[in-house]
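Here is the structure we will look at.
The values are calculated or read from the model by the stated rules, or taken from the named source; none is laboratory data. Just so it is clear, the model here is predicted, and its values are computed rather than measured. Methodologically, a virtual Cβ is constructed for each residue, glycine included, from the backbone with ideal geometry; neighbour enumeration extends over all protein chains shown. Only protein heavy atoms, including side chains, enter the accessible area calculation; ligands, DNA and RNA are left aside. Shrake-Rupley method; radii C 1.70, N 1.55, O 1.52, S 1.80 Å.
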Amino acid sequence: MAILDRFRGSSSSPRSSNADPEKKPVMLQMGIKERFSPRILMMGILVSMGGFIFGYDTGQISGFLEMPDFLRRFADTTDPETGGPAFTNGRSGTIVALLSIGTLIGAIVAAPIADKFGRRISIVFWNIIFCVGVIVQIATTTKWYQIAIGRWVAGLGVGGLSVLTPMYQSETAPRYVRGALVSCYQLFITLGILTAYCINFGTEADNTARSWRLTMGIGFIWPAIMAVGIMFLRESPRWDYRHGRTDSARATIAISYGVPEDHAEVKREIREIKEKLDAENAGGGSHPWYEIFTGPRMLYRTLLGITLQSLQQLTGANFFFYYGTTIFQSVGLPNPYVTSMILGGVNFGTTFPGLYIVERYGRRPSLIIGGLWMFMCFLVFASLGHFALDPVDPSRTQGIGYVMIVFACLFIAGFAMTWGPIVWAVVGEIYPSRYRAKCMALATASNWVWNFLISFFTPYITGAIDYRYGYVFAACCFTGAVVVYFFVCESHGRTLEEIDTMYILRVNPIGSSKWEPPEGEELPNLDNTYLTPGARGIRKRNEAGAPEQEIRESAIVPGEGSSAMASGAR
């Protein structure tokens, strides 16, 4: 009983594992120690290693482009000022950006593989693919396109992991720490970037191939840790249940919450998963892929996920991460590797507050304030770079360069605490189980499309309009805040099934934090409806969330009443 006591809520909450599971349980009340149990921490670390792999690969390439041996082997032009080897915009952009093309393909292909074989096996598979790409890069001697092809292959692995990591976290983590755990993906991206910067700094003075091959070779450690570690964790309970492994799903949920298998919270989640699966099977069981656009409220959510992931890239964070050393060398600073380490340290350190912010203040306020903060920082950075920095000899205005670095750090701090981690959490939450893999793959693919476009075209754009490029990113940051305000529902502290219900009921995003699900009734959600091509399922509801009209009768599963749907928003 001592263990269960820690999970008690208010006086009306269940007081034993045998409490009536049909009653809506109160959010489990517990301290930080109980919330982040050793198993939860291990899951967060091991699964988030997928983000570390991406961050490490991102951070290392920005350093390689300035290393003497890398330039001697793969450069295609001569620097007019120093007479040394240099990269043209086309070659440097191709080397950097082909990773993003691979990640785009990997993200799309990962969904059907994960649905068929499970999340854990798929994670191991994509780690192996990443290692193959690293081998291709290390084995090259003078062929620049071998580096590019190796980055493309490694990108396949990174893309697959970018879908599976937040998917596994969101499907397995208890709802009261789900946002923080999914956000750990971004935390580990920042740790990977910082680690790569530090290793680059330690090897850049070496004039042999070891300067870049050693950094690449160390990259084998991270996928090995993830692939081995994931085999000691359990499969996603939602994937298990959908494949007939009910006992395994129940055990996983109980272990995640740290309660007995007959606890009310476990019964509640199992019941909700079962209801969704039963309704899906009653509606025919097999559903074509295009229902991610034609299903009830699915076009809205699919486009919202794509937009959020696109805007995360268009904040401009990777403008610093991919070309950090080159940017700060151009402002006349003595050692751009040190500057990159400072940016990487700020990026990593300020992500920790983000894990608290996402659970303390919720998704919507954090994203809105973060977008406005980044908007301000990029305006100052771009204005100083264009109007105050000496374009001929930046070292004559080195003070301006240092101020630009300060605002770059302030920007990265805002990104790391808000749009960096929280977008992954939101996109992992807004889709119903039936389409989660496909929709997350599509949304993540949009992230990688913009990742590629930014990484490839940045050298050309900055060459044409210099630091005014920052105004484009500033406008995108402001747009992101507006999109969140009008279109994203607050999902903090809710089960994935409740979040599905919110979008199905057209709860007004502006007031969504105050919405309460119907008590003692089945949650109305996507899987309560037949999904026929072109059927949207639910008609518009008024601003308060109350129904203007009942759902079309043809969209209701036979035997399901409309009372739950009618009373679902208050």
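Figures for the structure shown
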{"item": "Boolean, SER383 is among the hydroxyl-bearing types (Ser, Thr, Tyr), under 30 Å from ILE510 (Cβ atoms), in contact with a helix residue (DSSP H, G or I) (Cβ under 9 Å, 6 or more places away or on another chain) and assigned to a helix (DSSP H, G or I)", "result": "no"}
{"item": "Which listed residue, of ASP69, ASP20, is at pLDDT 85 or above and either in contact with an Asp or Glu (Cβ under 8 Å, 6 or more places away or on another chain) or on the phi < 0 side of the Ramachandran plot (or both)", "result": "ASP69"}
{"item": "Some residue of the range 164-178 being in a helix (DSSP H, G or I), open to solvent by 10 Å² or more (accessible area, probe 1.4 Å) and not assigned by the TED database to the domain that holds ARG436", "result": "no"}
{"item": "Filter pass, PRO260 being touching a residue at least 24 places away in the same chain (Cβ under 8 Å) and open to solvent by 30 Å² or more (accessible area, probe 1.4 Å)", "result": "yes"}
{"item": "Criterion violated by SER100 - all others in (1) in contact (Cβ under 8 Å) with a residue 24 or more places away in the chain; (2) open to solvent by 10 Å² or more (accessible area, probe 1.4 Å) satisfied", "result": "(2)"}
{"item": "TYR467 vs. criteria outside the structural domain of PHE87 (by the TED database), open to solvent by 10 Å² or more (accessible area, probe 1.4 Å) and either under 15 Å from the mean Cα position of the chain (by Cα) or of a type outside the set (A, V, I, L, M, F, W, C) (or both)", "result": "yes"}
{"item": "Residue match in the range 32-45 (condition: modelled with pLDDT of 80 or more, acidic (Asp, Glu), part of a helix (DSSP H, G or I) and out of contact with any strand residue (DSSP E or B) (no Cβ under 6 Å at 6 or more places or on another chain))", "result": "no"}
{"item": "Candidates ALA249, ALA196, filtered to the one that is outside the structural domain of ARG151 (by the TED database), of a type in the set (A, V, I, L, M) and in contact (Cβ under 8 Å) with a residue 12 or more places away in the chain", "result": "ALA249"}
{"item": "Criterion: open to solvent by 10 Å² or more (accessible area, probe 1.4 Å), polar (S, T, N, Q) and over 20 Å from the mean Cα position of the chain (by Cα) - qualifying residue of SER433, SER383", "result": "SER383"}
{"item": "Scan of the range 126-137 for residues that are more than 20 Å from the chain's Cα centre (by Cα) and open to solvent by 10 Å² or more (accessible area, probe 1.4 Å), ordered by number", "result": "ILE128, ILE129, CYS131, VAL132, ILE135, VAL136"}
{"item": "Check on ARG271, part of a loop (DSSP other than H, G, I, E, B) and either in the same structural domain as PHE130 (by the TED database) or of a type outside the set (Ser, Thr, Tyr) (or both)", "result": "no"}
{"item": "Enumerated helices (runs of 4 or more DSSP H) restricted to the range 68-149, each holding at least 2 residues that are hydroxyl-bearing (Ser, Thr, Tyr)", "result": "89-117"}
{"item": "Test: residue in the range 230-239 that is within 28 Å of LYS267 (Cβ to Cβ), basic (Lys, Arg) and either open to solvent by 10 Å² or more (accessible area, probe 1.4 Å) or part of a helix (DSSP H, G or I) (or both)", "result": "yes"}
{"item": "Residue that is modelled with the lowest pLDDT, among those in the range 321-330 that are surrounded by 23 or more Cβ atoms within 10 Å (Cβ to Cβ) and not hydroxyl-bearing (Ser, Thr, Tyr)", "result": "GLY324"}
{"item": "Subset of the range 144-163 (residues that are open to solvent by 10 Å² or more (accessible area, probe 1.4 Å) and in contact (Cβ under 8 Å) with a residue 60 or more places away in the chain)", "result": "TRP144"}
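Residue-by-condition table, conditions (1) of a type in the set (Lys, Arg); (2) surrounded by fewer than 24 Cβ atoms within 10 Å (Cβ to Cβ); (3) in contact (Cβ under 8 Å) with a residue 12 or more places away in the chain; (4) touching a Cys at 6+ places or on another chain (Cβ under 8 Å):
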site	(1), (2), (3), (4)
PRO391	no, yes, yes, no
GLY399	no, yes, no, no
VAL403	no, yes, yes, no
CYS409	no, yes, yes, no
ALA413	no, yes, yes, no
ILE422	no, no, yes, no
GLY428	no, no, yes, no
